[in-house]
Amino acid sequence: MTKLCILFLALFLPRAYAIAPIPPKVVSPSPATPYYSDEHFTPNDIDELLASTTNTYDLRKLISCESENTNVARMDSNHKTSYGVLQFQASTWVDFQSQSHIQGSPMNVSSAIAMADWAISHGYLHRWTCAKIQGLI
């Protein structure tokens, strides 16, 4: 039966609609993005990433609670996707980006940490649920 269907399609399907194999999409990471999705960081890795931050203690607690030290994109409790080790939602990232002028992506760990450090320094610590959970506010 399968061979008959394939023969039928080959004979009667117009050439414009011929089924061609789709080559796999090759995605090469950008060299500007040092860390990628699902990468897990040890506490020592996190300490190194936080070395030049102003709010090191708060950031360490947030990263541990928000993502368990993993750079991940996942659905949040409000049914929106949150991104990176600090679990930024797209609307929050865009809002903070326009205010801070920090470029990058929440999936870029360095950018996410810089953005969160800026946000905490500017009174936005309350925007993370984990700030309450961790007793930071």
Practice problem: Return the pairs, sorted by first residue and then second, in which the second residue is acidic (Asp, Glu), the first residue lies in region 104-131 and is assigned to a helix (DSSP H, G or I), the beta carbons are less than 7 Å apart, and the residues are 6+ apart or on different chains. | Solution: Ile120/Asp58; Leu125/Asp58; Cys130/Glu66
Practice problem: Search region 83-110 for residues being more than 20 Å from Ala131 (Cβ to Cβ), small (Gly, Ala, Ser) and out of contact with any strand residue (DSSP E or B) (no Cβ under 9 Å at 6 or more places or on another chain), and hand back the single one that is surrounded by the most Cβ atoms within 10 Å (Cβ to Cβ). | Solution: Gly104
Quiz item: Would region 66-88 turn up any residue that is assigned to a helix (DSSP H, G or I), among the β-branched types (Val, Ile, Thr) and under 13 Å from the mean Cα position of the chain (by Cα)?
Solution: no
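Among the residues of region 89-103, what is the count of those that are assigned to a loop (DSSP other than H, G, I, E, B), under 25 Å from Asp47 (Cβ atoms) and more than 15 Å from the chain's Cα centre (by Cα)?
Within region 89-103, the subset assigned to a loop (DSSP other than H, G, I, E, B) is 101-103.
Then keep just the ones that are under 25 Å from Asp47 (Cβ atoms); that gives 102-103.
With more than 15 Å from the chain's Cα centre (by Cα) added as a condition, the list becomes 102.
Qualifying residue count for the region: 1.
Taken together, the values in this text are just the output of simple stated rules run on the coordinates, not laboratory data. As the structure is a prediction and not an experimental result, all values here were calculated from the model. Glycine also receives a Cβ, built like all others from the backbone with ideal geometry; neighbour counts cover every protein chain displayed.
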